[in-house]
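Participant: First the structure, then my questions, so here it is.
The values are calculated or read from the model by the stated rules, or taken from the named source; none is laboratory data. Remember, predicted model here, so these are calculated numbers, not experimental data. Cβ placement follows ideal geometry from the backbone for every residue including glycine, while neighbour counts extend to all protein chains displayed. Accessible surface is based on the protein model in full, side chains and every heavy atom, while ligands, DNA and RNA are left aside. Shrake-Rupley method; radii C 1.70, N 1.55, O 1.52, S 1.80 Å.
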Amino acid sequence: MRNKTILASMLASAFLATSYAYAATPPAQSGNSQAILLQGFHWKSSGYASPNWYNTVLNNVADLKALGVTHVWFPPPSDSAASEGYLPRQLNSLNSRYGSSAELTNVVRAFTNNGIKAIADVVVNHRVGTTGWSDFTNPNWTTHAIVNNDECNCGLGNADTGPGFDGGRDLDHKNVGEVQNGIVNWLNYTIKPVGFSGLRFDYVKGFGASYVGQYANAFNAEFCVGELWNDLNLNNIDAHRQGIMDWINGTGNSCGAFDFTTKGLLNDALANGNYWRLKDSSGKPQGAVGWWPAMAVTFVDNHDTGPTESCGTGQNHWPVPCGAVMQGYAYILSHPGIPTVFYPHIYNWNLKTEIAALIKARKAAGVHSTSPVAIQQATQGLYAAIVTGSTRQLAMKIGPNSWSPGAGWTLQTSGNNYAVWMK
């Protein structure tokens, strides 16, 4: 099954390579990457007024550099009808509930001056009007920019290229003049001058993947990741991760994707002890990270899925059990893929010391996005693996059952139901 799946993915890549000649894999996702992404906000970050969120993060730049973060994902930067930023209104205005345009530029510059690249959260599936449903300003677009099957019954564009989103007007990405050129101009002449070098695309199931590739390449993204959050059937894992493969191929291999498959598997393993789910029939990691690790961006929780400042707060739609968060980090920070660390886990949950120890072990062993994994155990109550880095090997276990890699290994860090060794 796996060979057929990857063959289909390769054939799709070959087809897109001919029809999408300008596609280019972002450098950070071309393989052997030691990138570690920080999600630099949470669902309630836009509610901070004094100091505002950009200045709050600014105070931690040096701390985050010491932690080992290489990329930081910022919240949507544009003016929005929703304080969190996900109902963009005036794209070219970078004054938001997170702070002013000047404060955004200041914190991005502080990160880049410390060798940490900045990722912009790009919301281009939809947009809202300034005073009504469809009066788009700054930049000014007409109702030809809205798909003709939008629930507003005001769109004069083409049919939508994905499922509709009723929170805003779905944009017609087939519209070259207003939408395509408008988004490219916004990215290159409003977003890029701030200092952003990478992109995170929101709600990508709502529009065609090829447009993500087009926009990422026009921006020359050093790092690109899409949020493809589809329902997961635990009895059909291959279909879910194949959907991620197909989407990446659809971008012309110009954008990676968050590994929602691994997220769902970790949720079940950590809640119900089903650690056997983390290994597929070929002996590889079961998520997207097992098929295309260079393009898989792994995470424990984010602003949508999990708690923010404390257990039970925030959106909390699909969380890892609060007491098992560090097991999740022990998995993603020891394994291939590009791991993501969630800001509140560091500063609100007081897990900085534990997360720092895992990052230190990852870097010391030279574990990278395509490091080989040899799974040792994947049973009820236990997952254990040996991951080969560029300089050393890491052994790790999660779960309540005991396991040891044997003689010759030195324990690097451990905690409730997790441990990491090095040799």
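Participant: What is the residue count in the stretch 95-118 for residues that are touching a residue at least 12 places away in the same chain (Cβ under 8 Å), of a type in the set (A, V, I, L, M, F, W, C) and open to solvent by 10 Å² or more (accessible area, probe 1.4 Å)?
Facilitator: 1
Participant: Continuing with this model, one more query. Tell me, which residue of the stretch 217-241 that is open to solvent by less than 30 Å² (accessible area, probe 1.4 Å) and assigned to a loop (DSSP other than H, G, I, E, B) is nearest to residue 277 (Cα to Cα)?
Facilitator: Out of the qualifying residues, it is 228.
Participant: Within the stretch 119-161, which residues are of a type outside the set (A, V, I, L, M, F, W, C), open to solvent by 10 Å² or more (accessible area, probe 1.4 Å) and in contact with a helix residue (DSSP H, G or I) (Cβ under 7 Å, 6 or more places away or on another chain)?
Facilitator: 134, 139, 142, 144, 155, 157
Participant: From the list 341, 420, 373, which residue is open to solvent by less than 50 Å² (accessible area, probe 1.4 Å) and over 16 Å from residue 68 (Cβ atoms)?
Facilitator: Values: 341 fails: over 16 Å from residue 68 (Cβ atoms); 420 fails: over 16 Å from residue 68 (Cβ atoms).
Checking each option against the conditions leaves just 373.
Participant: Here's a follow-up. Being without any contact (Cβ under 8 Å) to a residue 40 or more places away in the chain and either under 14 Å from the mean Cα position of the chain (by Cα) or closer than 18 Å to residue 161 by Cα (or both) is the filter here, so list the residues in the stretch 230-260 that pass it. Explain how you work it out, then say what you get.
Facilitator: Here is the first cut: in the stretch 230-260, the residues without any contact (Cβ under 8 Å) to a residue 40 or more places away in the chain are 230-233, 235-236, 239-240, 243, 260.
Within the stretch 230-260, 230, 243, 260 meet the criteria.
Each row is one residue, and each column tells you yes or no for (1) in a helix (DSSP H, G or I); (2) out of contact with any Cys (no Cβ under 9 Å at 6 or more places or on another chain); (3) β-branched (Val, Ile, Thr); (4) at pLDDT below 95.
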{"site": "357", "(1), (2), (3), (4)": "yes, yes, no, no"}
{"site": "386", "(1), (2), (3), (4)": "no, yes, yes, no"}
{"site": "411", "(1), (2), (3), (4)": "no, yes, no, no"}
{"site": "420", "(1), (2), (3), (4)": "no, yes, yes, no"}
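Participant: Only residues that are touching a residue at least 24 places away in the same chain (Cβ under 8 Å), out of contact with any Asp or Glu (no Cβ under 9 Å at 6 or more places or on another chain) and farther than 30 Å from residue 370 by Cβ: list them for the stretch 312-346, please.
Facilitator: 313, 323
Yes/no per residue for (1) modelled with pLDDT of 95 or more; (2) outside any loop (DSSP other than H, G, I, E, B):
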site	(1), (2)
243	yes, yes
257	yes, yes
263	yes, yes
271	yes, yes
289	yes, yes
297	yes, yes
305	yes, no
315	no, no
318	yes, no
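Participant: Let me spell it out: the conditions are (1) surrounded by fewer than 19 Cβ atoms within 10 Å (Cβ to Cβ); (2) in contact (Cβ under 8 Å) with a residue 12 or more places away in the chain; (3) not charged (D, E, K, R), and residue 275 meets all of them except one. Which number is the exception?
Facilitator: For residue 275, the failing item is (1).
Participant: What's the number of the condition residue 293 fails, among (1) over 16 Å from the mean Cα position of the chain (by Cα); (2) open to solvent by 10 Å² or more (accessible area, probe 1.4 Å)?
Facilitator: (1)
Participant: Identify, from the list 389, 408, 399, the residue that is on the phi > 0 side of the Ramachandran plot, open to solvent by less than 50 Å² (accessible area, probe 1.4 Å) and not acidic (Asp, Glu).
Facilitator: On the way: 389 fails: on the phi > 0 side of the Ramachandran plot; 408 fails: open to solvent by less than 50 Å² (accessible area, probe 1.4 Å).
None of the other options fit; the residue is 399.
Participant: Could I ask something else about it? Could we say that residue 185 is in a loop (DSSP other than H, G, I, E, B) and open to solvent by 40 Å² or more (accessible area, probe 1.4 Å) here? Let's see the steps before the verdict.
Facilitator: Values: in a loop (DSSP other than H, G, I, E, B): no; open to solvent by 40 Å² or more (accessible area, probe 1.4 Å): yes.
Considered against the rule, which asks whether it is in a loop (DSSP other than H, G, I, E, B) and open to solvent by 40 Å² or more (accessible area, probe 1.4 Å), residue 185 comes out as no.
Participant: May I pose another question? Spot the failing condition for residue 53; the list is (1) open to solvent by 30 Å² or more (accessible area, probe 1.4 Å); (2) within 30 Å of residue 170 (Cα to Cα), and only one is missed.
Facilitator: (1)
Participant: Only one residue in 351, 333 is over 16 Å from the mean Cα position of the chain (by Cα) and either aliphatic (A, V, I, L, M) or open to solvent by less than 10 Å² (accessible area, probe 1.4 Å) (or both), so which one is that?
Facilitator: Just one listed residue meets the conditions, 351.
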